[in-house]
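Participant: If you scroll down you'll find the structure; I have some questions about it.
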Amino acid sequence: MTGPRDPRRHSVTVHRPADFDEFWAATLERVKAVPLRPSFEYSESRSTAEVAVFDVRYDSFDGLRIAGWYAVPRPEYVPPPYPALMLLPGYMSEPVIPKAWARRGYAAFAVAPRGKLRSNERFNPGYPGLLVHNIVDPNTYSYRGFYVDAVRAVETVLTRPEVDPDRVGVHGSSQGGALTITTAALLGDVVACGAAGAPYLCGFMDAARLTHSYPYEEINEYLRVHPEHERAVAESVGYFDGINFAPKIRVPMMVYLGMEDDVCPPETGFAVYDALDCPKELHTYDRCGHDAGIFWEMEKVESFLAGHLKPAVPTPSGDTTAVTAGVTSGTAMSVAAEQASTAEVTDGEFEAYWARVDAELAASKARPVIDLVPSRSTDDFTGYEIRISSLGDYRLFGYLSVPKGEGPFPGILATPNHGSVNNPPHYEDRLRYVMLTIMHRGQRLADSPFAASYPGLLTEGIESEQTYVYRGIVADCLRGAEFLAGLPSVDPTRLAVVGDDLAVLTAARRSVFSAVEVGGALLYRAAARESEPGYPLEELNDHLRARPDTADALARTLAFFDAGRHAPAVRADVRVSVPPEEPAAQSGRLARLAADLGSATTRYVLTHEGQTDADVADRWLAERLGVPASSKFDRQRT
């Protein structure tokens, strides 16, 4: 090694199969035999005065039924025809209903390729799992059908009479960036432009050597167990590498990269950009990670797409404004209404409610089952998968990792994200901490007998605090805290919990933690949200469009889960990451949460440089738990 790595100077090696073009021509020819059978089911509760929303289904490769969300301006808001904008999902994320893009004048389609929720009845390899599913055989590899699902999504949206077939754009980041490249390449005569952020699935083998982050870590884990398959893997993924698709694109493309991306190494992003033989532009952001500078870049993406697709400028009528105002005052409650509703939950009711949760959880024994996972074990740590029981004897899943050497070690509980997937702990964290990541009820790997929907989870049973799904979810986090604190490999004086406001509730109900890192606030003052806050909070508005009579019950239920109400019980050091922009509602909510947690709380103002912010968070936690800091973007790794 001669010094820190320079992503611009790295040479990415990609195998391009001799029959690459023939393979994909045969693939597209084969899917022509599958009737598309598109269906668009209108969703009244998710539609607004400006935008109509549809639940979409269509048939794709091997006859799999694929789902998506279609949002289109109402003709009185923006007259047709509309440019189509295909929104392609990341690896872990589920597609979001694209109302915001429809309000900008697009017929927007967010697709859920095979394996995503609502498209996983016949194919469900899991996350992690998708990247290495049948990876040694290009004919049956997961991404063969996955790429075709994106192609068929374009064909599906073109069945709509309001869509202009000459104005079709594709956009996504990470896996969505990869699909932007492959779709533009496979539909060169249809797609008009594409914007790809932090593109994944480019330079597979180099990427796996350059990072220990998921999803590419799946390849490292696979080869840890099957080292004899390395050549077969390299040859197979050549058929799916974005660098091999890029030269086929002839339409304008935008690529944007974070120069310290630990998920999709920027070296591979430069390689795919260099391979493009079309009008193109590249934007790079120093000190940004997998966010790829999106805080600054999104305005440029919107301008690039609008310049090529030319959506009409919305002109809301007086009637539209009136309806929106009605939503704001009636269903998306005002702050005053939220405060009044919260006051209806007395301190006695609040404490009695959570005391009952504690008592019920104590009556449900954990019954842990711990299984060694060789693929996630190295000379430095041992990986496990666990099953434990929570409230109502619901069986949870978790990723556990324990450093090798002389313990006990500091421990970190990662509370679940809002979404269907949680990754195993990061490699760098597993070197220093006993790590536990819990999947709450309804998430993948803990989705029996209840499988969560996205959107949908946030309002599951919300009309009563006794039936609200988050009653069980919080209990799941508490059970995870109890399990971690009880491990003999853990130093009980050095425990932390990280996550969104679930971390606050967990620390409030279990006083075993010395440090709490808070990076988001989902349920905090949720009843005082904006009129159109975006998903997942938009689920609350969707629910109240269908059931406006339940507004008071909804506000009462949310009051039991408000992190501000729990904040006084937190005794640990707390750090809250707060966006700098004001008066954005999310910024205001996190700033207020930091204030609720007390004057000793560290209020960190985000830079929006993803790697800068991640490194600061790592240092803060490492200092409190007594270990060296470590950046997840290894500047020395080659």
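Participant: I need the full set of residues from the range 19-51 which are under 21 Å from Pro533 (Cβ atoms) and open to solvent by less than 10 Å² (accessible area, probe 1.4 Å), in order please.
Facilitator: Ser47, Val51
Participant: Checking the condition open to solvent by 10 Å² or more (accessible area, probe 1.4 Å), farther than 26 Å from Ala49 by Cβ, part of a loop (DSSP other than H, G, I, E, B) and out of contact with any helix residue (DSSP H, G or I) (no Cβ under 7 Å at 6 or more places or on another chain), which residue from Glu121, Glu94, Glu155 passes?
Facilitator: Criteria check complete, one pass: Glu121.
Participant: Any residue in the range 533-555 that is touching a residue at least 12 places away in the same chain (Cβ under 8 Å) and surrounded by 16 or more Cβ atoms within 10 Å (Cβ to Cβ) sitting within a Cβ distance under 9 Å of a residue that is in a helix (DSSP H, G or I) and of a type in the set (Lys, Arg)? List the pairs, counting only those 6 or more apart or interchain.
Facilitator: Tyr535/Lys99; Glu538/Lys99
Participant: Still on this structure: Go over the candidates Leu478, Leu487 one by one and state the one that is closer than 18 Å to Arg565 by Cβ and either open to solvent by 40 Å² or more (accessible area, probe 1.4 Å) or more than 21 Å from the chain's Cα centre (by Cα) (or both).
Facilitator: That would be Leu478, the only listed residue that is closer than 18 Å to Arg565 by Cβ and either open to solvent by 40 Å² or more (accessible area, probe 1.4 Å) or more than 21 Å from the chain's Cα centre (by Cα) (or both).
Participant: What is the number of the single condition among (1) of a type outside the set (Gly, Ala, Ser); (2) more than 28 Å from Leu28 (Cβ to Cβ); (3) surrounded by fewer than 24 Cβ atoms within 10 Å (Cβ to Cβ) that Val163 does not meet?
Facilitator: (2)
Participant: Considering only residues that are open to solvent by less than 30 Å² (accessible area, probe 1.4 Å), closer than 25 Å to Pro161 by Cα and assigned to a loop (DSSP other than H, G, I, E, B), which ones fall in the range 97-118?
Facilitator: Once the filter is applied, which keeps residues that are open to solvent by less than 30 Å² (accessible area, probe 1.4 Å), closer than 25 Å to Pro161 by Cα and assigned to a loop (DSSP other than H, G, I, E, B), the range 97-118 yields Ile97, Pro98, Gly105, Tyr106, Pro113.
Participant: In the list Leu621, Leu606, Leu558, Leu625, which residue meets the criterion of being open to solvent by less than 50 Å² (accessible area, probe 1.4 Å) and under 30 Å from Arg46 (Cβ atoms)?
Facilitator: Leu558
Participant: While we're on this one: For the range 227-302, which fully contained helices (runs of 4 or more DSSP H) count at least 1 residues that are modelled with pLDDT of 95 or more and open to solvent by 30 Å² or more (accessible area, probe 1.4 Å)?
Facilitator: Of the helices (runs of 4 or more DSSP H) lying wholly inside the range 227-302, those with at least 1 residues that are modelled with pLDDT of 95 or more and open to solvent by 30 Å² or more (accessible area, probe 1.4 Å) span 230-237, 266-275.
Participant: Here's another thing I want to ask about it. Please go through (1) on the phi > 0 side of the Ramachandran plot; (2) at pLDDT below 95 for Pro316 and return the number of the only condition it doesn't satisfy.
Facilitator: Pro316 satisfies all of (1) on the phi > 0 side of the Ramachandran plot; (2) at pLDDT below 95 except (1).
Participant: Right, something else. Taking Met439 as the residue in question, decide whether it is surrounded by fewer than 23 Cβ atoms within 10 Å (Cβ to Cβ), without any contact (Cβ under 8 Å) to a residue 60 or more places away in the chain and not hydroxyl-bearing (Ser, Thr, Tyr).
Facilitator: Here the answer is yes, as Met439 does meet what is asked.
Participant: Only residues in the range 339-367 that are more than 17 Å from Phe483 (Cβ to Cβ) and of a type outside the set (Phe, Trp, Tyr) count as the first member; pair them with residues that are modelled with pLDDT under 95 and not in a helix (DSSP H, G or I), Cβ under 8 angstrom, at least 6 apart or cross-chain, and list the lot.
Facilitator: Partner pairs satisfying both residue conditions: Ser341/Met333.
Participant: Now for a different question. Condition check: open to solvent by 10 Å² or more (accessible area, probe 1.4 Å), within 17 Å of Gly126 (Cβ to Cβ), hydroxyl-bearing (Ser, Thr, Tyr) and over 19 Å from the mean Cα position of the chain (by Cα). Does Ser375 satisfy that?
Facilitator: yes
Participant: Quick check on the range 380-399. Is at least one of its residues outside any loop (DSSP other than H, G, I, E, B), open to solvent by 10 Å² or more (accessible area, probe 1.4 Å), small (Gly, Ala, Ser) and farther than 28 Å from Ala112 by Cα?
Facilitator: Yes: the range 380-399 contains one or more residues that are outside any loop (DSSP other than H, G, I, E, B), open to solvent by 10 Å² or more (accessible area, probe 1.4 Å), small (Gly, Ala, Ser) and farther than 28 Å from Ala112 by Cα.
Participant: Do we find that Leu597 is hydrophobic (A, V, I, L, M, F, W, C) and open to solvent by less than 10 Å² (accessible area, probe 1.4 Å) in this structure?
Facilitator: Considered against the rule, which asks whether it is hydrophobic (A, V, I, L, M, F, W, C) and open to solvent by less than 10 Å² (accessible area, probe 1.4 Å), Leu597 comes out as no.
Participant: Follow-up question, since we're still on this one. Does Val402 satisfy being over 30 Å from Ala208 (Cα atoms), among the β-branched types (Val, Ile, Thr), in contact (Cβ under 8 Å) with a residue 40 or more places away in the chain and not in a helix (DSSP H, G or I)?
Facilitator: No: the conditions fail for Val402.
Participant: If we scan the range 409-416, do we find a residue that is out of contact with any His (no Cβ under 8 Å at 6 or more places or on another chain), in contact (Cβ under 8 Å) with a residue 12 or more places away in the chain and surrounded by fewer than 18 Cβ atoms within 10 Å (Cβ to Cβ)?
Facilitator: no
Participant: Which of the residues belonging to the range 56-88 are surrounded by fewer than 18 Cβ atoms within 10 Å (Cβ to Cβ) and among the small types (Gly, Ala, Ser)?
Facilitator: Gly63
The values are calculated or read from the model by the stated rules, or taken from the named source; none is laboratory data. Keep in mind the model is a prediction, meaning the values are calculated, not measured. When we count neighbours, we look across all protein chains shown, and the Cβ atoms used for this are built from the backbone with ideal geometry, even at glycine. The area values use the complete protein model at the heavy-atom level, side chains included, leaving out ligands, DNA and RNA. Shrake-Rupley method; radii C 1.70, N 1.55, O 1.52, S 1.80 Å.
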